[in-house]
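One structure below.
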Amino acid sequence: MARDRFAPDFDRDCGDESLTSARQDIVIGRWQGLRALLRTTGSDWLVRGHRVRLLAQACAGSSTAESWLAAEPHSADALVLRAATETARAFTLAISAGRGAPIDRSRIDTAVLACLAAAEAHPQDPTPWVSLISVARLYPTGVRRQELARWWDELHRRDPYNVEGHLQVLHYYSARWHGTHGLMYDFARDAAGVAPPGCPLPVLVQYARVEEFRSLVEGAQGQQASVGLSQHWKHDGAVSDVRRTWQRWIAQRGEGPVAPGELRDLNHLTHAACQAGVTDIAADLLRLQGRRATRTPWSYTGDPEKQIVKWHADLKVRVRD
């Protein structure tokens, strides 16, 4: 296809066709498709985490998860999805309330108890611990350090390189929640440093840079033209971080397409490479990404589609049909 006709595909399921099919059941209140999907997913934690997270977002506005649990109250998969759904609902309330506004503590407690019940029902699954760490940051002052450390240990013991779990801890430690920029970056770099070759964890540094940018934009009250914001993506440290993540992750990940559960991670690195002007890496990442794209983090720096189309044109990247 000619370059001027290129358009990114923002499929919310990131190309996971089985997930798309199962999510259609939610619209009609049918839970059997969700059961079949999670049953066949098994213990592939990357795929399972991706599917549970997106199913939960879709279930948050319906009673489908509750209908499944009512029909099969001892189903571990139903309990895991219910926990993720309650977490998604709590975040929906927080977003509606607005930045810094507290929400009913009982709603957070409900999500926490659902996560603990799911963890007990499915002892090997890291997914409930990811949900638990995620919802913990909604408490106005967070949770006790010992408690967060215990939850983190439980997750790490089940899946030590779980990117989504690491990402939730990173958000918790960010300045917008219960930490500082320094604490957040330290966590990201420590995780990247112990990741095996080809593991996506080094991209946590790019997630941290996006998180810092969001905090700076809030502090600047939308005045993105300030010197600090304009150089946020382009200074020597940011450029070095892009090259380091590329080398540790992409250069050693092997052949094959990027999994749906990794597409958001890839977009964070692609976005960082483009913003930093590391054109050689950016072009390779755009080719690897193909037409598939996620709206974040592009949406934090402008219109996602316009940005991706522009970079494809500027770098003369061709994508196969």
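The values are calculated or read from the model by the stated rules, or taken from the named source; none is laboratory data. All values reported here derive from a predicted model rather than from experimental measurement. Don't worry about glycine lacking a Cβ; one is built from the backbone with ideal geometry, like all the others, and counts go over all protein chains shown. All accessible areas refer to the heavy atoms of the entire protein, side chains included, with ligands and DNA or RNA removed. Shrake-Rupley method; radii C 1.70, N 1.55, O 1.52, S 1.80 Å.
Restricting attention to segment 112-135, the residues that are over 18 Å from the mean Cα position of the chain (by Cα), in a helix (DSSP H, G or I) and of a type outside the set (V, I, T) add up to 9. When you scan segment 32-47, do you find a residue that is open to solvent by 70 Å² or more (accessible area, probe 1.4 Å), touching a residue at least 12 places away in the same chain (Cβ under 8 Å) and closer than 22 Å to R295 by Cα, even just one? Taking every residue of segment 32-47 in turn, at least one turns out to be open to solvent by 70 Å² or more (accessible area, probe 1.4 Å), touching a residue at least 12 places away in the same chain (Cβ under 8 Å) and closer than 22 Å to R295 by Cα. Selection of segment 244-258 for residues being assigned to a loop (DSSP other than H, G, I, E, B) and open to solvent by 30 Å² or more (accessible area, probe 1.4 Å) yields R253, G254, E255, G256, P257.
Each row is one residue, and each column tells you yes or no for (1) not in a helix (DSSP H, G or I); (2) not small (G, A, S).
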| position | (1), (2) |
| --- | --- |
| E147 | no, yes |
| E154 | no, yes |
| E164 | no, yes |
| L167 | no, yes |
| L170 | no, yes |
| G179 | yes, no |
| Y185 | no, yes |
| G193 | no, no |
| R209 | no, yes |
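The listed residues are D109, D25, and the only one of them that is surrounded by 15 or more Cβ atoms within 10 Å (Cβ to Cβ), acidic (D, E), at negative phi and not in a strand (DSSP E or B) turns out to be D25. Restricting attention to segment 39-68 and to residues that are in a helix (DSSP H, G or I) and polar (S, T, N, Q), the residue that is farthest from I95 (Cα to Cα) turns out to be T40. I'd like to know if segment 69-80 contains one or more residues that are assigned to a helix (DSSP H, G or I), surrounded by fewer than 21 Cβ atoms within 10 Å (Cβ to Cβ) and touching a Leu at 6+ places or on another chain (Cβ under 8 Å). Looking through segment 69-80, at least one residue is assigned to a helix (DSSP H, G or I), surrounded by fewer than 21 Cβ atoms within 10 Å (Cβ to Cβ) and touching a Leu at 6+ places or on another chain (Cβ under 8 Å). Whenever a residue of segment 182-193 is more than 17 Å from D153 (Cα to Cα), its partners that are at pLDDT 95 or above and of a type in the set (V, I, T), lying with C-beta atoms within less than 9 angstrom and at least six residues away or across chains, give the pairs Y185/V205; R189/V205; A192/V203; A192/V205; A192/T245.
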